[in-house]
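For reference, the structure is listed below as structure tokens.
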Amino acid sequence: MSTSMRDDYFDLFDLRVEVVAPLGARLWCGSKIGDYFEVHGEMLQFQPGMAFSLYSLAAILPLLPAKQRPTDPHDWMTTDAEIACPDPNCPSRLRITRLGNRRFRHGDTTATLLKAE
Ligand SMILES: [Zn+2]
């Protein structure tokens, strides 16, 4: 990661968010085991035929920017990767997996200028 004016690149992890649950369990939030979407930068990449409850999305959205960034190995944000469905009767979880790095340029992602060093 760099903050110099000539090299304004930074890396974020792509993420996959996948529905996991005990086999045969009834899911009350409308998803199916194995349904997933990916996060590339700020964009959610949904797949054809896979739908997600807005309540499930509301539960997981605040965690995604932290999961996109490197975290300390001792940080719970590094080790914990499953978010429970907010419906207390639903056994599903959303599992966040870090995929490869994607490189961005500061100047392509914001109009705010970097401070001169
Ligand atoms: Zn659910």
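We did not get these values from a lab; they are worked out from the coordinates using the rules stated. Just so it is clear, the structure is predicted and the values come from calculations on it, not from any experiment. Methodologically, a virtual Cβ is constructed for each residue, glycine included, from the backbone with ideal geometry; neighbour enumeration extends over all protein chains shown.
Rounded to the nearest angstrom and ordered from largest down, what semi-axes does the equivalent ellipsoid of the stretch 1-78 get from its C-alpha gyration tensor (root of 5λ)?
30, 15, 10
Please give the peptides 13-21, 61-69 ranked by average Cβ packing (other Cβ atoms within 10 Å per residue), highest first, as a rough proxy for protection. Each step should come with its number before you reach the end.
On the way: 13-21: 19.1, 61-69: 14.7.
Result, highest mean first: 13-21, 61-69.
Within the shell of other residues whose beta carbon sits under 13 angstrom from the beta carbon of PHE104, the net charge comes to -2, with Lys and Arg scored +1 and Asp and Glu -1.
3J(HN,Hα) along the stretch 70-86: x, 10, 4, x, 8, 6, 4, 5, 6, 8, 8, 9, 10, 10, 5, 4, x Hz, from the Karplus curve 6.51 cos²θ - 1.76 cosθ + 1.60 with θ = phi - 60°, whole Hz, x for Gly and Pro. Here is how the number arises for the chain: DSSP H runs of 4 or more residues each give -39500 (n - 2.57), the sum is divided by the residue count, and the result at 222 nm is -3000 deg cm²/dmol.
Tell me, what is a quarter of the convex hull surface for the C-alpha atoms of the stretch 45-117, in nm² with one decimal? Please list the in-between numbers first.
Details: hull surface 31.4 nm².
Hull-based average projected area comes out at 7.9 nm².
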